[in-house]
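What follows is calculated from the coordinates using simple rules that are stated; it is not laboratory data. What you see is a predicted model; the values in this text were computed from it and never measured. Positions of Cβ are backbone-derived with ideal geometry, glycine not excepted, and every protein chain shown enters the neighbour counts.
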Amino acid sequence: MDHHRPGGTADDAPVLLALRALKLGDLLVAVPALHAVRRHRPDHRLVLAVPGWLEPVVDLVDGVDALLPTPGLDAPLALAPGSVDTVLNLHGNGPESRGLLDALHAPHRLGHRWPPAGRAPAGQAAGARPWEGPEWQDGVLERARWARLVTAHGMPADPDEVWLRDPGPTDRPGATVVHVGAFYGSRAWPVERFAAVARELAQEGADVVLTGGTADVPRAAEVARLAGLDDHHLLAGRSGLREVAALVAAADVVVSVDTGVAHLASAFATPSVVIFGPAPTEEWGPPPGPHVVLTDARLRRGDTFGGVPDPALLAVTAADVLTAARHVRRAPVTPPGGAPAAG
């Protein structure tokens with residue numbers, strides 16, 4: 001993948017720019033749509049406008065030709081107006097994303113309809129052109145949203161086609177990945193429960209590793225302390241995104257809240273246990289496969305950006321997670337000096 005020339009190639013292939021300037025999980029739910037774009041526009045150079053830190057995973061999205069580092073919607077896209085043949089709005093349907101793409105003056109624009117049917121274009125920038133496409137729908141599965149969008153524009157997509165290319169080997173194949181990270185407090189499952197899960201699985205003979213980002217290092221360290229695990233098990237803040245992808249791809253099982261690592265497990269068909277809180281599983285849940293979703297939707301408060309754990313998340317116990325992990329993991333583990341643990 002070319003990170004230096006997103007606007008063109010030597011053979012002057014037309015450029016199709018897809019905007020998705022969000023986080024890891026948001027990128028991964030758009031992968032089925034990107035697969036469809038690649039299949040149905042083989043003559044185009046597919047450029048993905050996403051935050052630059054996602055590069056190690058964008059490299060695994062088959063058929064993406066270039067990454068245009070785009071940390072958000074606050075600055076114009078770093079492409080000259082008129083240099084892009086087609087723009088695809090996989091970000092949303094708000095004035096910010098539409099405005100950034102409109103500024104490129106592309107002959108072809110793919111997105112949701114705007115303004116909606118029967119609604120005057122109030123609030124649009126002067127001279128802004130309407131967008132043609134399917135109507136935006138609230139409360140739908142995110143993978144299906146973007147697959148439906150590109151399908152409506154003549155590129156049939158399968159919302160369950162979430163696969164990524166092989167990320168390569170890891171030095172911890174068959175590990176039990178316990179991902180303690182959560183970007184918002186509303187998804188922060190208690191460290192004591194993560195520790196109970198990690199301790200029990202380690203005692204059963206699993207190679208437990210604790211993962212997370214730099215901001216999650218204190219949480220991971222506390223989980224390790226409470227679980228009685230030494231530094232060998234602590235990978236939070238020490239592994240890059242490509243290394244985490246390889247670890248997840250080869251894992252025995254992944255335990256995580258609803259976050260990017262859970263979507264990586266889906267992409268590699270790795271058995272997973274996903275603890276949901278504020279986000280509805282109907283909108284963000286995994287595709288069919290060896291995945292178990294745990295939550296209590298009746299208690300959901302739904303404050304996605306809140307600072308305290310959602311009650312639907314807190315309804316999930318360590319015992320719930322242990323039961324699910326033992327059920328879905330790839331193979332029974334053998335405790336030191338003992339018989340295989342029940343799977």
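Points worth noting:
- If the chain linking ALA13 and ARG238 were pulled fully straight, counting 0.36 nm for each residue of separation and taking away their Cα-Cα distance, it would gain 77.0 nm.
- Helix-only [θ]222 nm of the chain, DSSP H runs n ≥ 4, -39500 (n - 2.57) each, per residue, nearest 500: -8000 deg cm²/dmol
- Placing dummy labels 7 Å off each Cα toward the beta-carbon, the span from GLN203 to ALA319 is 1.5 nm.
- The alpha-carbon atoms of region 176-328, seen along their principal axes, cover 38, 30, 28 angstrom, with the largest extent given first.
- Residues in region 316-330 reached by a label modelled at ARG298 [backbone nitrogen below 18 Å; 7 Å Cα→Cβ]: 316-317, 320
- Simple spin-label estimate for ARG39 and GLU135 in nanometres, 7 Å along Cα-Cβ: 2.8 nm
- Calculated Rg and Dmax of the chain using C-alpha coordinates, Å: 21.3, 74
- A Förster radius of 30 Å, combined with the Cβ-Cβ distance separating HIS327 from ASP166, puts the computed FRET efficiency at roughly 0.70.
- log10 of Debye I(q)/I(0), alpha-carbon scatterers only, for region 15-152 at 0.09, 0.21, 0.22 Å⁻¹: -0.24, -1.43, -1.57
- Efficiency of FRET from Cβ geometry, SER83 and ASP158, R₀ 35 Å, rounded to 0.05: 0.65
- Restricting attention to the chain, close to 5% of DSSP beta bridges with both partner residues there are antiparallel.
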